[in-house]
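The values are calculated or read from the model by the stated rules, or taken from the named source; none is laboratory data. Bear in mind the structure is a predicted one, so any value in this text is a computation, not a measurement. Cβ placement follows ideal geometry from the backbone for every residue including glycine, while neighbour counts extend to all protein chains displayed. Protein only, heavy atoms only, side chains kept; ligands, DNA and RNA dropped before computing areas. Shrake-Rupley method; radii C 1.70, N 1.55, O 1.52, S 1.80 Å.
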Amino acid sequence: AVSWPLPSFATMGTTSSSFSALQEPFDATQFQQVLSTWLAPMRLECSHPLLVGWYNKARAETADGTQSIEGPDDAVAFAIYSVPQFLEVVVEHYAREKPERDIVDGATNAILGELRNQLPSSLDAQVINTDVGPPYFHVQTIGAVCAEDQHVEAEDVKGEGSAEWREDLEDRLEETRDPKMWGTESAMRRKIFGVNVHRVWGGWYAYRALVVLRNGKQALEKPEPLEFLSIEDKKRVLSEYNLRHQLCLWRDLSESHPADRRYSPDEFFFFTETSPEKRRRFLDLKVSNMQGIPPPRWT
């Protein structure tokens with residue numbers, strides 16, 4: 001199996017962003033480079049390539065084949081995810097369109113609509129907003145099978161004291177989880193949920209879309225699952241994710257996580273805010289401070 005290299009941020013922007021530059025026969029690496037360059041101004045990134053069959057096999061093994069991707073097993077696919085500063089793109093879209101609802105999805109959909117227009121028809125591409133179904137897909141599985149991020153479960157914490165750590169966390173969860181929300185069943189209130197983390201962004205990113213190239217086929221070697229978190233950081237991430245998810249401390253890869261690889265304070269409050277009215281008021285205030293309304297970033 002292969003292990004994907006880290007992205008080369010020094011060369012971002014040096015590859016053509018024109019999909020017309022794609023050459024025959026289809027090459028997943030070239031497509032990834034062109035797609036990455038096209039997405040970058042929108043503060044979006046694409047995953048390493050995956051085959052539809054990798055994902056569907058994983059779903060068959062873990063979830064009875066639910067949320068599978070319709071397409072040939074050897075069709076290449078890519079996940080698209082937002083990174084810090086994506087809120088700026090959302091604000092600009094709001095300033096132009098003033099949508100009444102689905103503000104973030106509206107910005108995503110505008111970008112995906114333009115992407116559909118840009119992709120060669122010969123690839124028979126399906127471009128799906130993964131936050132809006134149907135169809136629905138399990139993005140954690142997508143990220144894990146293409147080695148874009150590391151999936152962490154409590155069972156991955158091994159070694160001396162791991163059983164005691166797990167039991168202690170389960171006890172704390174059972175004590176703090178409200179039965180009105182979680183039910184009275186002890187097993188559910190004690191459940192430790194797993195999470196994916198990115199090797200650059202930690203948890204400061206969000207999957208937004210899936211691109212399936214039904215005529216983009218290539219024999220790819222499935223990469224090894226990523227394994228970059230230390231045991232102590234696995235414990236910290238899982239504990240924070242399950243106990244204090246809303247504080248987003250779990251999103252840091254370590255206690256020295258770089259500030260420029262986190263959401264800004266505005267993004268932290270906006271993306272954790274659940275009130276549509278407060279989100280809209282925030283955007284209105286942001287727009288009132290703009291000097292002008294910029295055109296879409298893909299132009």
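Before moving on, here are some points about what is shown:
- The charge dipole of the stretch 60-101, taken about its Cα centre with unit charges on the Cβ of Lys, Arg, Asp and Glu (plus for the first two, minus for the last two), comes to roughly 380 debye.
- The relative contact order of the stretch 160-225 comes to 21 percent, based on Cα pairs under 8 Å that sit 6 or more residues apart.
- Taking all protein chains as shown and a probe of 1.4 angstrom, K57 keeps an accessible surface of around 130 Å².
- Amide H contacts of A75 (H built 1.01 Å from N, under 5 Å, at least 5 apart or other chain): V52, G53
- Within the chain: Cβ-based charge dipole about Cα centre, in debye rounded to nearest 20 (Lys, Arg +1; Asp, Glu -1): 840
- Largest-first ordering by accessible area, 1.4 Å probe, given options M290, M188: M188, M290
- Share of carbon and sulfur in the accessible heavy-atom surface of the stretch 52-122 [1.4 Å probe, %]: 40
- Exceeding the 30 Å Cα-Cα cut-off - candidates K180/K235; K57/K158; K57/K234; K158/K222: none
- Computed accessible area, L220, all protein chains, 1.4 angstrom probe, square angstrom: 40
- Computed from backbone phi, the HN-Hα couplings of the stretch 144-152 come to 6, 6, 9, 6, 7, 8, 9, 8, 10 Hz, rounded to whole numbers (Karplus: 6.51 cos²θ - 1.76 cosθ + 1.60, θ = phi - 60°; Gly and Pro given as x).
- Options S82, Q140, W298, ranked by Cα towards positive dipole end of the chain, top entry (Cβ charges): W298
- With all protein chains kept in place, the per residue accessible area of the chain amounts to 52 square angstrom at a probe of 1.4 angstrom.
- For Y136, the accessible area of its heavy atoms, probed at 1.4 Å with every protein chain present, is near 130 square angstrom.
- Each Cα pair under 8 Å and six or more residues apart adds its separation to the average, and for the chain the resulting relative contact order is 25 percent.
- Distance between modelled label sites at Y136 and Q291, nm, 7 Å Cα→Cβ extension: 4.6
- Couplings 3J(HN,Hα) for the stretch 76-83, derived from phi with the Karplus relation 6.51 cos²θ - 1.76 cosθ + 1.60 (θ = phi - 60°), are 8, 9, 9, 8, 10, 9, 8, 10 Hz, where x marks Gly and Pro.
- The HN-Hα couplings worked out from phi for the stretch 186-194 by the Karplus form 6.51 cos²θ - 1.76 cosθ + 1.60 (θ = phi - 60°) are 4, 4, 6, 5, 9, 5, 9, 7, x Hz, whole numbers, x standing for Gly and Pro.
- Equivalent ellipsoid semi-axes, the chain, via Cα gyration tensor eigenvalues times 5, rooted, Å: 32, 26, 18
- In this calculation the C-beta distance from T66 to E164 is compared with R0 = 25 Å, giving a FRET efficiency of 0.15.
- Backbone amide hydrogens, once placed in the peptide plane, bring A209 within less than 5 Å of I80, T130, excluding anything fewer than 5 places away on its chain.
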